[in-house]
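Everything below concerns the one structure shown next.
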Amino acid sequence: MNLLAPPIIGKIEPPAGTPVAGDNPSVFIAGLVRGGIQLLLIVSFVVVLLWTIFAGFRFITSGGDPKSTGQAWTQMYMGLVGMLIIFGSFAIIKLVETFFEVSIISGGLILPTR
């Protein structure tokens, strides 16, 4: 027995029911990144939309109080700025897709190959 030879461990099989990433594990990671970006865009848009609706409700129920009206306007302004930031990030992602010919959020994430 040669003590310097690496031990033979064998082949490790995943448990039954484990999703297989396929031949290329980067496809699985790319799918996770794609799903994370899409989830982040959707959740952030919903949060900003609810924020803006709540600001409108605060404006309506301010009762003419200048302080409450000013706070509601500020909240509406910040909600609209948030929407612009989300739409801007979506536009940047689409520009990157167009210029580099990769698919980040449309049609699945396909990593560029040589």
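The values are calculated or read from the model by the stated rules, or taken from the named source; none is laboratory data. Note that this is a predicted model, so its numbers are computed, not measured. Note that each Cβ is placed from the backbone with ideal geometry, even for glycine, and that neighbours are counted across all protein chains shown.
Only one entry of Val43, Val48, Val81 meets the criterion of being in a helix (DSSP H, G or I), closer than 29 Å to Ile104 by Cβ and in contact with a Gly (Cβ under 6 Å, 6 or more places away or on another chain), and that entry is Val48. Evaluated against (1) surrounded by fewer than 15 Cβ atoms within 10 Å (Cβ to Cβ); (2) part of a loop (DSSP other than H, G, I, E, B), Ser62 falls short on exactly one condition, (1).
The rows are residues; the columns are (1) under 9 Å from the mean Cα position of the chain (by Cα); (2) of a type in the set (S, T, N, Q).
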| residue | (1), (2) |
| --- | --- |
| Ala30 | no, no |
| Gly36 | yes, no |
| Leu41 | yes, no |
| Val46 | no, no |
| Leu49 | no, no |
| Thr52 | no, yes |
| Gly56 | no, no |
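Check segment 23-40 and report whether any residue there is farther than 30 Å from Ile105 by Cα, part of a helix (DSSP H, G or I) and at pLDDT 90 or above. No, because not a single residue in segment 23-40 is farther than 30 Å from Ile105 by Cα, part of a helix (DSSP H, G or I) and at pLDDT 90 or above.
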